[in-house]
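Engineer: Quick one: the structure is below, and I'll ask about it shortly.
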There are 4 protein chains.
Amino acid sequence: MQFLENWLKLQNVAVVSKVGNKDSEKAAINVTRKLLAKKSKVYTISPIQVQGAKTIESLEELKKIKLDLVITLGGDGTTLRVFRNLENETPILTINVGGNRGILAEITIDEIDNALNQIQKDKFFLDKRTRVTASCGGKEFPPALNEIYISRTNLTKTAEIEIKFQNDTVKQKMDGVIVATPSGSTGHSFSLGGPILHESLDVLIITPVAPVYRLESIVVPDEKIEIISSHDCNIVMDAQVVKSAGFEETITIKKYKKPAVFVRLKKRGLRQMSKLGF
Amino acid sequence: MQFLENWLKLQNVAVVSKVGNKDSEKAAINVTRKLLAKKSKVYTISPIQVQGAKTIESLEELKKIKLDLVITLGGDGTTLRVFRNLENETPILTINVGGNRGILAEITIDEIDNALNQIQKDKFFLDKRTRVTASCGGKEFPPALNEIYISRTNLTKTAEIEIKFQNDTVKQKMDGVIVATPSGSTGHSFSLGGPILHESLDVLIITPVAPVYRLESIVVPDEKIEIISSHDCNIVMDAQVVKSAGFEETITIKKYKKPAVFVRLKKRGLRQMSKLGF
Amino acid sequence: MQFLENWLKLQNVAVVSKVGNKDSEKAAINVTRKLLAKKSKVYTISPIQVQGAKTIESLEELKKIKLDLVITLGGDGTTLRVFRNLENETPILTINVGGNRGILAEITIDEIDNALNQIQKDKFFLDKRTRVTASCGGKEFPPALNEIYISRTNLTKTAEIEIKFQNDTVKQKMDGVIVATPSGSTGHSFSLGGPILHESLDVLIITPVAPVYRLESIVVPDEKIEIISSHDCNIVMDAQVVKSAGFEETITIKKYKKPAVFVRLKKRGLRQMSKLGF
Amino acid sequence: MQFLENWLKLQNVAVVSKVGNKDSEKAAINVTRKLLAKKSKVYTISPIQVQGAKTIESLEELKKIKLDLVITLGGDGTTLRVFRNLENETPILTINVGGNRGILAEITIDEIDNALNQIQKDKFFLDKRTRVTASCGGKEFPPALNEIYISRTNLTKTAEIEIKFQNDTVKQKMDGVIVATPSGSTGHSFSLGGPILHESLDVLIITPVAPVYRLESIVVPDEKIEIISSHDCNIVMDAQVVKSAGFEETITIKKYKKPAVFVRLKKRGLRQMSKLGF
């Protein structure tokens, strides 16, 4: 978590709701109206239409618009989806509507008025989080905020997976491997035995999936990690985008050039912990 | 482990080697000759041919032959494959040739003469192991000695999996679930955090795969377990046979009617432990 | 869980509350009165006094009385304490008052009238649970329903602990070892990574505590387990009674000759699971 | 791992062997002679005496001498003991003699000549590692390179332990808690389920010991951690020094003002991994 210029205009704001979720669509319309009343130029994503706001066709078009803020209404899936479609370091204010745990969320819909006021009075901070990106065979895949999951394609073959970091190589038969960011430490990596990381750390977690001889999660600086599987595998970004790699192809995972930026109104700390019930 | 009649004829013996492995094929020819010298009728699997022995076309044909013993030369994969293709409680003598850990193996190829002598002198015991079988949509799938692994098909959807046992239901989001026998406790279930079980126990292990909120392995009596996934899934028997089930279809897992029977020459006990290096 | 004679007189009943807990003492007086109204002879433990009931000085005296039933009001600690002080297979009806999780409890205080009625109508079953007992240097220690925890005495020495079972020995440096029953599988063993076991199983769990090289829990038939530590250690029964053993002394753990018997009114199954929140 | 001035005089060198270990004492004498031949002033610890070297009475006296280098011969215990007794950032060259895993060791005794040559030719780097120190009731305890282990004193009481970091508090019943450095990530914390950390990271691992409801290791920036136990507890530094704290007393754990400095001759990377057998 880095202290940045605490100054945020609300001139151009996009409002994004959870796909196909009535509650979050209703909340999005509500938030859009509040923003219009504050004289913001507001963008909504089709099929959400609000008089006075501009409706864009799809999330992908967000990349072309210069935005001051995006407000997401939904669960963590919605937030992950938006970050993947932002070109710049546009901050997101995350509102939990219909999400399960909403670990990434900052506020609930009841707190929206107060949140917009705090933002206008510069009473917030920007929480910048490390993201990762995988590349393979000359192609770079979309960035992930939580994790990149490499999973063998063939259920009857246990892949031998080689993990290279700095000058070291760890090699073992396993079903796959997860490279998670601190943000993703409470997600898929956690479900497979990984530790919980403070969100501010500049590190990555390598969590082996079903290693034949137990192998613990390894936490490393956020430098280049290379992964080579003896069998074909899928590469999954934030459980939303699936790509593939051939056997023996090197998959390179690196810190993404731009962080994900959250607008935070509350205290710093282990915010993931409380969402997990600890 | 149950004490049985310690008496085994070597009249009809099949010899099976690891598919495509030269060392184990050579060892199979060697063992076949030893058995022929002992006046056994010996069956080999094509392409293994030995003068005086009968070559059958495929493993599936073993079902039709009345056998006193099968000798496997290979790793655990070979042994698992043979057991799945035996209709009766024919015992197997497992010889580790080219296997990785060979947790199921009893002897190495150097010990074969001694082993055949011990068998002829009734100095052995039969080690009967629980097997499991899954059924779904009216079809029963081939039995598994180690485990049945139920795995979501879609990498971008976390399935909600319901596990029913006796009068209880455990329900959680996870990637899949493994139902392992004591024999399989050192296999895939172990890789995902499951306990090691004494081979003789009449129990099954339910090991959740990547549960969203950590859920430990559960050990239960070897009675019916029902599993229902909110999304389509694959059902994998001993990492060798893959079937599929639709979402919300009940997958029923039960103890298989016939155990797997091993010829054992050495002391009883936690034989899996030493193979794991403990 | 075994089906037994479903017949229980309420002629001689002891009522035991959590030591020093006002709520459970009040509940005990209440229950005692209900039993007296049903013409039972009731025993309370000092300082609890109820007109018409007999007050005995301490829990230890329960051993001398022939009882049909004991009713405990408190948490699991109270139930464990009572079982350790019962000589015979006297069943216990466990009422959760002021307990944390009350994994062993059957009912809450609101359900007492219904429970006594069900008992009188023989609508209950007896749930018999394996217990364990440790002995060392010729002395047998009090039995434990949940677990026996062997822990090095010296915090600056990592003990080498030898675990012998049947013909096998596992030896490794660790801080201690827990031998838990199925009832205890959700207790201390669980906290240290052990599996959850169905209460009815005739098995024991060996859970290593902080093994230098990771060693998983091992589940074995409820036969003799011998443990030898290279350094002095404590032997703790159900986290309530502490004994000691010298270095290299053999600690023998065995199934206790008499099970713990619970009166159960509800369905059989994985009753521990729901108490854990699954 | 930070790149520092690669320049190290061998004018004043101390040689320390494992207490009471003949092999390491013999090796120490050998190394001392090699250093004397290089015109170094050499200090040995009583009872080791070598003609031409100065023998000091105890490790504690090292603090008073201005040293360029310490050479340790023994296992990790010896290295940990020496670091605790160095006032300054004196680098240590660690030689594994008679150690078990020797995770902290750089070379074996056979490599000593080459190592001294490399040092004289400035072909080495200094590997600086975070250390931690605990304080309680106004007293600061000796620093630890690996970990500080807080353990309840009373085996029949499960302590409620409060862990405070930045603005967050995690509170749960458990037996104790370990705060480990990256160096200590392969030690006691690992044995209790903690992740493996790259040695260069500026983080600490908080590993709960036997938490009643499973709680994973948490990795945080190396800032102040406060721990409060509801029951008396021991505070153990590197499994070598034991102090105590009363119930409800705040134990403060912080990064120690001076790092431990190792002389390294080989490549950087996950050096702990290979020592663990991965």
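The values are calculated or read from the model by the stated rules, or taken from the named source; none is laboratory data. Just so you know, these numbers come straight off a predicted model, no measurement behind them. No Cβ is skipped: glycine too gets one built from the backbone with ideal geometry, and neighbour counts run over all protein chains shown. Quick note on the areas: whole protein, heavy atoms, side chains included, nothing else; ligands and nucleic acids left out. Shrake-Rupley method; radii C 1.70, N 1.55, O 1.52, S 1.80 Å.
Engineer: Can you check what the net charge comes to around A:Asp202, using other residues whose Cβ is under 10 Å from the Cβ of A:Asp202 (Lys, Arg +1; Asp, Glu -1)? Don't jump to the answer; show the numbers that get you there.
Structural biologist: Details: positive: A:Lys255; negative: A:Asp222, A:Glu223, D:Asp202.
Residues close to A:Asp202 contribute a combined charge of -2.
Engineer: Let me ask you something else. For the rotation that superimposes chain B on chain D, which residue of B has the C-beta lying nearest to the axis, and at what distance in Å?
Structural biologist: Residue and rounded Å distance to the axis: B:Arg214, 3.
Engineer: Between the chain alone and the structure with every protein chain in place, find the residues of the range B:205-220 that drop at least 40 Å² of accessible area; heavy atoms, 1.4 Å probe.
Structural biologist: Residues passing the criterion (a loss of at least 40 Å², heavy atoms only) are B:Ala210, B:Val212, B:Tyr213, B:Arg214, B:Glu216, B:Ile218, B:Val219.
Engineer: Please report the projected area of the protein assembly as shown's Cα convex hull averaged over all directions, in nm².
Structural biologist: Over every viewing direction, the Cα hull of the protein assembly as shown projects on average to 51.3 nm².
Engineer: Also: What size of dipole, in debye to the nearest 20, comes out for chain C about its Cα centre when the only charges are +1 on Lys and Arg C-beta atoms and -1 on Asp and Glu C-beta atoms?
Structural biologist: Here the size comes out at about 920 debye.
Engineer: Return the sequence-ordered ³J(HN,Hα) values of the range C:172-181 in whole Hz as given by the Karplus equation 6.51 cos²θ - 1.76 cosθ + 1.60 applied to θ = phi - 60°, using x for Gly and Pro.
Structural biologist: 7, 6, 7, 7, x, 8, 10, 10, 10, 8
Engineer: Right, next: In whole angstrom, how far apart do the alpha carbon centroids of the range D:139-177 and the range D:21-65 sit?
Structural biologist: 39
Engineer: Another question, then. Which ³J(HN,Hα) values, rounded to whole Hz and listed in residue order, are derived for the range D:17-33 from phi using the Karplus coefficients 6.51, -1.76 and 1.60 in 6.51 cos²θ - 1.76 cosθ + 1.60 with θ = phi - 60°, glycine and proline given as x?
Structural biologist: These are the phi-based 3J(HN,Hα) values: 10, 5, 4, x, 9, 4, 4, 6, 5, 4, 4, 5, 4, 4, 5, 4, 4 Hz.
Engineer: Quick one: how many lysine pairs does the range D:132-255 have with C-alpha atoms less than 17 Å apart and a gap of 8 or more or different chains? Give me the count, please.
Structural biologist: 14
Engineer: Near the amide H of C:Leu201, under 5 Å away, which other amide H atoms are found, from residues 5 or more places off or on another chain, if H is placed in the peptide plane?
Structural biologist: Amide H neighbours of C:Leu201, under 5 Å, 5+ apart: none.
Engineer: Assign one of three labels to the range D:189-278, namely rounded, prolate or oblate, based on the Cα gyration tensor with a ≥ b ≥ c the square roots of its eigenvalues; rounded applies when a/c is under 1.5, prolate when it is not and a/b is larger than b/c, and oblate otherwise.
Structural biologist: Judged from the Cα gyration tensor, the range D:189-278 comes out prolate (a/c at least 1.5, a/b above b/c).
Engineer: Between the label point of B:Glu223 and that of the same position in each other copy, find the distances and list them shortest first in nm, with every label point placed 7 Å from Cα along the Cα-to-C-beta direction.
Structural biologist: Copy-to-copy label distances at B:Glu223, shortest first: 2.6, 5.3, 5.7 nm.
Engineer: Now for a separate question. Name the shape class, rounded, prolate or oblate, that the alpha-carbon gyration tensor gives for the range C:1-102, where a ≥ b ≥ c are the square roots of its eigenvalues, rounded holds for a/c under 1.5, and otherwise prolate holds if a/b is larger than b/c and oblate otherwise.
Structural biologist: Values: a/c = 1.39, a/b = 1.09, b/c = 1.28.
In terms of gyration-tensor shape, rounded.
Engineer: Quick one: Debye curve from the alpha-carbon atoms of the range B:132-255 only, equal weights, vacuum; give me log10 I(q)/I(0) at q = 0.10, 0.11, 0.12 Å⁻¹ to two decimals.
Structural biologist: Values, matching the q order: -0.25, -0.30, -0.36.
Engineer: Let me ask you something else. To the nearest 20 Debye, how big is the dipole of the range A:141-278 about its Cα centre, given +1 on the beta carbon of each Lys and Arg and -1 on that of each Asp and Glu?
Structural biologist: Its charge dipole is roughly 700 debye.
Engineer: Given R₀ = 45 Å, what would the calculated FRET efficiency be for A:Ile29 paired with A:Lys257, taking r from the Cβ atoms and rounding to 0.05? Provide the component values of the computation, followed by the final result.
Structural biologist: Numbers: r = 35 Å, r/R0 = 0.77.
Efficiency, rounded to the nearest 0.05: 0.85.
Engineer: Per DSSP helix of 4 or more residues, -39500 (n - 2.57); summed, then divided by the residues of chain D. What does that give at 222 nm, rounded to the nearest 500?
Structural biologist: -4500 deg cm²/dmol
Engineer: Once label points are set 7 Å from the Cα along Cα→Cβ at both D:Asn85 and C:Lys267, what is their separation, rounded to one decimal in nm?
Structural biologist: So the label points at D:Asn85 and C:Lys267 sit 6.6 nm apart.
Engineer: What accessible area, summed over both chains, is buried at the A-D interface (1.4 Å probe, Å², nearest 100)?
Structural biologist: Between A and D, the summed buried area is about 2400 Å².
Engineer: Can you send over the carbon and sulfur percentage of the accessible area for the range A:132-255, probe radius 1.4 Å, protein chains only?
Structural biologist: Whole-percent figure for carbon plus sulfur exposure: 42.
Engineer: A further question follows. In square angstrom, what is the accessible area per residue of the range B:66-159 with a 1.4 angstrom probe?
Structural biologist: Details: 3210 Å² over 94 residues.
I get 34 Å² per residue for the range B:66-159.
Engineer: Here is a further query. For the protein assembly as shown, what is the percent of antiparallel DSSP beta bridges, rounded to the nearest 5?
Structural biologist: Taking every DSSP beta bridge within the protein assembly as shown, about 70 percent pair in antiparallel fashion.
Engineer: Further, regarding this structure: Can you list, shortest first and in nm, the gaps between the label point of A:Glu61 and those of its counterparts in the other copies, using a point 7 Å from Cα in the C-beta direction?
Structural biologist: Output for A:Glu61: 6.7, 8.3, 8.6 nm, nearest copy listed first.
Engineer: Follow-up question, since we're still on this one. Per residue, what volume in Å³ does the Cα convex hull of chain B take up?
Structural biologist: So the per-residue Cα hull volume is 130 Å³.
Engineer: Please work out how much length the chain gains when fully extended from C:Glu140 to C:Ser58, using 0.36 nm per residue of separation minus the C-alpha to C-alpha distance, in nm with one decimal.
Structural biologist: Here the answer is 27.3 nm.
Engineer: So if I place +1 on the C-beta of Lys and Arg and -1 on the C-beta of Asp and Glu, and nothing else carries charge, what would the dipole magnitude of the protein assembly as shown be about its Cα centre? I want it in debye, nearest 20. Don't skip to the end; give the middle numbers.
Structural biologist: Details: 160 positive and 128 negative charges, 1 e Å.
Dipole of the protein assembly as shown, to the nearest 20 debye: 0 debye.
Engineer: Heavy atoms of the protein only, probe of 1.4 Å, neighbouring chains included. What is the accessible area of D:Glu89 in Å², nearest 10?
Structural biologist: Counting only protein heavy atoms, D:Glu89 exposes about 70 Å² to solvent.
Engineer: Here is a further query. Please state the relative contact order of the range D:132-255 as a whole percent: Cα pairs under 8 Å, 6+ residues apart?
Structural biologist: Relative contact order, the range D:132-255: 32 percent.
Engineer: Excluding C:Pro142 itself, calculate the net charge of residues whose Cβ lies under 12 Å from the Cβ of C:Pro142, where each Lys or Arg counts +1 and each Asp or Glu counts -1.
Structural biologist: Details: positive: C:Lys63, C:Arg81, C:Arg84, C:Arg131, C:Lys139, C:Lys243; negative: C:Glu60, C:Glu87, C:Glu140, C:Asp238.
After counting each charged neighbour, the total is +2.
Engineer: Right, next: Out of all DSSP beta bridges in chain A, what portion is antiparallel? Express it as a percent rounded to 5.
Structural biologist: Of all bridge pairs located within chain A, approximately 75 percent are antiparallel.
Engineer: Right, here's the next one. What are the nm distances, shortest first, from A:Ser46 to its equivalents in the other copies, labels at 7 Å along Cα→Cβ?
Structural biologist: Sorted ascending, the copy-to-copy spacings read 6.0, 8.6, 8.9 nm.
Engineer: With θ set to phi - 60°, apply the Karplus curve 6.51 cos²θ - 1.76 cosθ + 1.60 along the range D:58-75 and write out the HN-Hα couplings as whole Hz, x wherever there is a Gly or Pro.
Structural biologist: 8, 4, 4, 6, 4, 4, 8, 9, 7, 10, 8, 7, 10, 10, 9, 10, x, x
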